[in-house]
Structure formats: structure tokens, C-alpha cells
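Participant: Encoded as C-alpha cells, here's the structure I'll be asking about.
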Amino acid sequence: MSAAADLLAWIIAVDTAVADLFVAIRHPLLTKVMTSVTGLGSASAAAVFLGIFYLAGWRREFAVGAVALAVSGVVVPALMYLVQRPFPADPVCQTSGSGLTPHSFPSGHAAAVTVLALVSRGSENLPFRIVTALAATVAVSRMYLGTHYLSDTLVGVALGIAAFAVGRSLAPRLRARLPESA
């Protein structure tokens, strides 16, 4: 077996073990909490957050967030289409809506909340620790609910970091075009 095949087999084994662990620890109260918090990583929630940033006059947060979320909003579905990884077994819920996310790899929710956590890191307006704790909870909720494997979530986080870097790089151009106040 090649090194790549060995690595893939190891990733699948770890993903399966972690998915099984989350199934084993499910509890009705925790499931309610995770089902409630997971929506904070949705495209709808991202649009609401961007709207709040814009209306509050937080130009940096809006510009970086808008560019980064647009980047992840293109890359995540493209990878889902290319990889076509099935969802884990025994999901509590699955992503619903437009039907554009029929696969588990990578986690768009994890990418989006990672972007928001990194945007909050350089913000005078957003509480970094709280936003980061919520982002981590959303990422874990995706695995707990059975909508993503560990590797889906970790790649989503990595994509969120990369999208944030692009957003931070390109945002000054967008910010220069925004009105001074909303």
C-alpha cells in the first residue's frame, strides 16, 4: 500500500472512531443544545452577522467577513461536488435548504464560524473569546449531530483560516468603496 493510501486509511479510521464516540455520548439535552447552536454556522446566520456588521458601521469586520465568507462560499461547495463524501451514519439531522450541500466534506459551517472567530480577533467591537467559544461549539456540534466527520470539520476550519487570509488581504479595497456610515 502506498503512503497516501495508508494516510487515507488512517484518516477514515480516526473519523469512524470519533463519529462512533459522538453517537455513544448523545443525550437528549445535549442534542437540543447542539441542534440550537449549529445554526450559527449556516449561510443564513453568516448573512445576518454581515448585515449587523454593516448596519453597526463596523467596516473592517464587514469587509473582511464579506470577502472571506464569499471565498469559503465558493470553495466549500466546489469541494463537496468534487469529493462527494457521504454523511456519517446515524445523523441526528442533516443540512437542509437549497440542496446544494448533499455531501459532508468539507464543513461549510466550520469554515464560516472560523472566519467569524478570526474577524473577531482583530475587532474592537466583537468579544473574541465568546465568538471563538461559540465557533468551537458549532464545529463540535457538526460532528455530534452526525453531519460531518472530524476530517470534514478540520478541513472546514483550515478553509476558514485560508478564506480569512484572503479576506484580510482583499478587504481594504472593498472597505475603500463602502460609505463612511451605514
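The values are calculated or read from the model by the stated rules, or taken from the named source; none is laboratory data. Everything numeric in this text was worked out from a predicted model, so none of it was measured. Quick reminder, even Gly has a Cβ in these numbers, built from the backbone with ideal geometry, and neighbours come from all protein chains shown.
Participant: Return a yes/no flag: does segment 21-28 have any residue that is loosely packed, with under 12 Cβ neighbours inside 10 Å, aliphatic (A, V, I, L, M), at pLDDT below 95 and in a helix (DSSP H, G or I).
Facilitator: yes
Participant: Right, something else. In the list Leu82, Leu40, which residue meets the criterion of being under 17 Å from the mean Cα position of the chain (by Cα) and either within 26 Å of Phe164 (Cα to Cα) or assigned to a loop (DSSP other than H, G, I, E, B) (or both)?
Facilitator: Answer to the selection: Leu40.
Participant: Right, next: Only one of (1) surrounded by 15 or more Cβ atoms within 10 Å (Cβ to Cβ); (2) touching a Leu at 6+ places or on another chain (Cβ under 9 Å) fails for Ser42. Which number is that?
Facilitator: (2)
Participant: Also, quick follow-up: Hey, does segment 165-181 have a residue that's in contact with a Ser or Thr (Cβ under 6 Å, 6 or more places away or on another chain) and hydrophobic (A, V, I, L, M, F, W, C)?
Facilitator: No, the conditions are met nowhere in segment 165-181.
Participant: Sticking with this structure for a sec: Could you tell me whether segment 42-60 includes any residue that is at positive phi and not acidic (Asp, Glu)?
Facilitator: yes
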